[in-house]
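The values are calculated or read from the model by the stated rules, or taken from the named source; none is laboratory data. Because the structure is predicted, anything quoted here is derived from the model rather than measured. All Cβ positions, glycine included, derive from the backbone under ideal geometry; neighbour counts span all protein chains shown. When the accessible area is computed, the model is the full protein with side chains, heavy atoms only, and any ligands, DNA or RNA have been set aside. Shrake-Rupley method; radii C 1.70, N 1.55, O 1.52, S 1.80 Å.
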Amino acid sequence: MIAWGPSEQLRLRSPARLKFDKARQTDMLLLPERVVNLNPTAGAILWLCDGTRSAHQIIGELEEKYNQSNLQEDVLEFLTQAIERGWIEKCP
């Protein structure tokens, strides 16, 4: 398990990048030698991982955008898995 805190800023791990596939109407995470088709929730979270926002800020923006509350547990779980998979990283 990778140690990190929700107040740390997160970003996509280089050389990963996000792309919206117009033909499929879905977000894709482009990794070396691999493409991950993202569901709408994963895409919404990863687009906010730009190195300027902390996990707390990402949660707040998602709760406001989708007019929902109590997203913290689910978002933190996803972010932890994304860090473990090497999709995102803590900013130095």
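Tabulated data
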{"read-out": "Test: Gln25 is open to solvent by 30 Å² or more (accessible area, probe 1.4 Å) and on the phi > 0 side of the Ramachandran plot", "value": "yes"}
{"read-out": "Gln9 of a type in the set (S, T, N, Q), surrounded by 16 or more Cβ atoms within 10 Å (Cβ to Cβ) and either on the phi < 0 side of the Ramachandran plot or modelled with pLDDT of 95 or more (or both)", "value": "yes"}
{"read-out": "Sole exception among (1) open to solvent by less than 80 Å² (accessible area, probe 1.4 Å); (2) touching a strand residue (DSSP E or B) at 6+ places or on another chain (Cβ under 7 Å) for Trp47, by number", "value": "(1)"}
{"read-out": "Pair list, Cβ under 7 Å, 6 or more apart: region 74-86 residue touching a residue at least 12 places away in the same chain (Cβ under 8 Å), other residue of a type in the set (Phe, Trp, Tyr) and surrounded by 12 or more Cβ atoms within 10 Å (Cβ to Cβ)", "value": "Ile83/Trp4"}
{"read-out": "Some residue of region 24-42 being within 12 Å of the chain's Cα centre (by Cα) and assigned to a loop (DSSP other than H, G, I, E, B)", "value": "yes"}
{"read-out": "Residues within region 74-92 that are closer than 20 Å to Pro15 by Cα and either outside any helix (DSSP H, G or I) or of a type in the set (A, V, I, L, M) (or both), tallied", "value": "11"}
